[in-house]
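One structure below.
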Amino acid sequence: MTNPVLLVEDELFIALDVQATIEAAGFEVEGPCMTLVEAQAAVARHGAAFAAAVLDVRLADGTVFAAADQLHAAGVPLIFHSGHADDEDLRQRYPQATVCPKPSAPAALSEAIRRSAAPNGEDTEERAVG
């Protein structure tokens, strides 16, 4: 059994679509967390036990960065899935993160999840998915 993928997304229909994509990629889902508070609680419960995290940047109660910083510090691969993200800022802050701008094709997001969650950091270069 693989570790779950954390899903942080505050738009319900998008969260359901992304959840289905994560599950189709062969992972269990923790979430969706719809607020920063929920995301931080999930990180507190699971720590570094996530295979990866799929994060929307702008949430109902602020930005995801406090949780992303905790995940990054724990070595969890980050996948930013957002329509409101500054790509350059994300790459400076999280150089190994994958950026999948919304809307993203499910196949592209699925591949990003599989690649990010690969054991031993098989692909740790800066990545962008279209």
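Points to keep in mind about this one:
- A residue that is farther than 15 Å from Leu6 by Cβ, surrounded by 16 or more Cβ atoms within 10 Å (Cβ to Cβ) and at pLDDT below 95 cannot be found anywhere in the stretch 117-126.
- Residue check, His46 open to solvent by less than 40 Å² (accessible area, probe 1.4 Å), touching a residue at least 24 places away in the same chain (Cβ under 8 Å) and not hydrophobic (A, V, I, L, M, F, W, C): no
- Looking only at the stretch 86-95, and only at residues there that are open to solvent by 40 Å² or more (accessible area, probe 1.4 Å) and part of a loop (DSSP other than H, G, I, E, B), the one that is modelled with the lowest pLDDT: Asp86
- For the residues Thr98, Thr63, the requirement of being closer than 24 Å to Phe13 by Cα and either open to solvent by 30 Å² or more (accessible area, probe 1.4 Å) or of a type in the set (Phe, Trp, Tyr) (or both) singles out Thr63.
- Search result, residues across the stretch 2-24 that are at pLDDT 95 or above, not in a helix (DSSP H, G or I) and not charged (D, E, K, R): Pro4, Val5, Leu6, Leu7, Val8
- Hey, Ala107 over 15 Å from Pro4 (Cα atoms) and either outside any loop (DSSP other than H, G, I, E, B) or not aromatic (Phe, Trp, Tyr) (or both) or not: yes
- Restricting the stretch 58-67 to residues that are touching a helix residue (DSSP H, G or I) at 6+ places or on another chain (Cβ under 8 Å) and hydrophobic (A, V, I, L, M, F, W, C), the residue that is farthest from His81 (Cα to Cα) is Ala66.
- Any hit, the stretch 20-30, residues being more than 13 Å from the chain's Cα centre (by Cα) and among the β-branched types (Val, Ile, Thr): no
The values are calculated or read from the model by the stated rules, or taken from the named source; none is laboratory data. Everything numeric in this text was worked out from a predicted model, so none of it was measured. As a convention, Cβ positions derive from the backbone with ideal geometry for all residues, glycine included, and neighbour counts pool all protein chains shown. For accessibility, only protein heavy atoms count, side chains too; no ligands or nucleic acids. Shrake-Rupley method; radii C 1.70, N 1.55, O 1.52, S 1.80 Å.
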